[in-house]
Amino acid sequence: MTTETRKPAMAIGPTDTPLLDTTIGEALGRTVREHGHREALVSCHQGIRWTYDEFADRVRRLATGFVSAGLEPGDRVGLWSPNHAEWTLVQFATAHVGIILVNINPAYRTHELAYALHQSECRWLIAAPTFKSSDYRAMTEQVRADVPTLERAVFFWDDDWDELFVDDAGAMRRADDRSRGLSADDAINIQYTSGTTGFPKGATLTHRNILNNGYFVASLQQLGAGDRLCIPVP
């Protein structure tokens, strides 16, 4: 009997451009140093225009609020909202201090919300108050009994949300220290499939996954610092 030499089934794309090996916080910091005066985010329906300097300041204060509130690296925080500027703040702030953001589909009904929060073991949920005909506050209360890990729900523009933006210098240093201790390989995001063939499946992504996806998509589209990208989603 002969023994065949089996080769692993692998597909490798171009390797001439190395992958980014950094964290989201480090990438944002570099962008701020190089383009701090440029507009980073425009939300027309909210009347918001933030430069990278302004955006990064808000991200840092929100990240500090998360740390001060007791969230630890690896904790899961659900984000349930349509397209608001605050969504992006939460994405970057959680990444800054090693919290795993769980994307919740804005169209979810209560049973889908309960499944995603329970399956990902979310400690917090951050959400818009409403979306179309959905009352997110009421729906969150309906699922609390089914999500024993859920300790807190915070809704955009409430006092609880505003209080998360912390300016204390000592607390900021602690948040920055945590950020410096992160690795590009740390998990930072959980994204769920649509669930059309069964329960949604959660895919865990790292800093490296997210940064390289964004970098190479923008590179292939030949987007530069002076370009603007319109995102017309709900």
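The values are calculated or read from the model by the stated rules, or taken from the named source; none is laboratory data. Because the structure is a prediction, the values reported are computed rather than measured. Positions of Cβ are generated from backbone atoms using ideal geometry, with glycine treated the same way; all protein chains shown enter the neighbour counts.
Does segment 151-174 contain at least one residue that is farther than 18 Å from SER68 by Cα, touching a residue at least 12 places away in the same chain (Cβ under 8 Å), surrounded by 11 or more Cβ atoms within 10 Å (Cβ to Cβ) and of a type in the set (A, V, I, L, M)?
no
For segment 206-234, which residues satisfy the criterion of being closer than 16 Å to ARG30 by Cα, out of contact with any helix residue (DSSP H, G or I) (no Cβ under 8 Å at 6 or more places or on another chain) and either among the aromatic types (Phe, Trp, Tyr) or in a loop (DSSP other than H, G, I, E, B) (or both)?
Those that are closer than 16 Å to ARG30 by Cα, out of contact with any helix residue (DSSP H, G or I) (no Cβ under 8 Å at 6 or more places or on another chain) and either among the aromatic types (Phe, Trp, Tyr) or in a loop (DSSP other than H, G, I, E, B) (or both): TYR215, GLY224.
Would segment 145-161 turn up any residue that is closer than 27 Å to THR51 by Cβ, at pLDDT 95 or above and of a type in the set (S, T, N, Q)?
Among the residues of segment 145-161, not one is closer than 27 Å to THR51 by Cβ, at pLDDT 95 or above and of a type in the set (S, T, N, Q), which makes the answer no.
Just to be sure I understand, how many residues within segment 76-134 are of a type in the set (Val, Ile, Thr), in contact with a Leu (Cβ under 8 Å, 6 or more places away or on another chain) and in a helix (DSSP H, G or I)?
The qualifying residues number 3.
So which pairs qualify, if the first residue must be in segment 23-47 and over 24 Å from VAL97 (Cα atoms), the second must be among the small types (Gly, Ala, Ser) and at pLDDT 95 or above, the Cβ gap must be under 7 Å, and the two must be at least 6 apart or on different chains?
Going by the 7 Å Cβ cut-off, the qualifying pairs are SER43/ALA85; GLN46/ALA85.
Only one residue in ALA138, ALA107 is under 28 Å from PHE55 (Cα atoms) and free of Cβ contacts under 8 Å to residues at least 60 places away in the same chain. Which one?
Details: ALA138 fails: under 28 Å from PHE55 (Cα atoms).
Testing whether each residue is under 28 Å from PHE55 (Cα atoms) and free of Cβ contacts under 8 Å to residues at least 60 places away in the same chain leaves just ALA107.
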